[in-house]
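Working notes for the structure below.
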């Protein structure tokens with residue numbers, strides 16, 4: 001089966017930027033629902049111009065130093081919801 005396109009067209013990247021080709025290739029290798037974390041940088045800034053977003057999946061943003069803590073908390077929350085039966089996997 002085909003995997004969903006996870007980034008919509010209409011981002012504000014510079015012409016010829018390779019970020020989106022790389023992200024799309026990365027996302028094509030992942031099945032199912034995902035949560036992505038973007039830290040401040042071009043890939044985040046060019047896909048989230050207020051009030052629009054190019055992301056078609058759940059996306060979080062953090063500053064550079066907070067990413068590991070945010071994702072570990074997200075994983076723990078997911079595991080707890082799964083344990084309670086609130087999420088079907």
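Looking at this structure, is residue 38 modelled with pLDDT under 85 and either assigned to a helix (DSSP H, G or I) or surrounded by 10 or more Cβ atoms within 10 Å (Cβ to Cβ) (or both)?
no
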So residue 53 passes all but one of these: (1) assigned to a loop (DSSP other than H, G, I, E, B); (2) touching a strand residue (DSSP E or B) at 6+ places or on another chain (Cβ under 8 Å); (3) modelled with pLDDT of 85 or more. Which condition number does it fail? (3)
Just checking, which of 49, 29, 10, 73 is exposed (fewer than 10 other Cβ atoms within 10 Å of the Cβ) and out of contact with any helix residue (DSSP H, G or I) (no Cβ under 9 Å at 6 or more places or on another chain)? 29
The residue from 81, 71, 37, 63 that alone is more than 13 Å from the chain's Cα centre (by Cα) and in contact (Cβ under 8 Å) with a residue 12 or more places away in the chain is 63
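The values are calculated or read from the model by the stated rules, or taken from the named source; none is laboratory data. As the structure is a computational prediction, the values presented were derived from the model and not from experiment. Cβ: placed from backbone, ideal geometry, glycine included. Neighbour counts: every protein chain shown.
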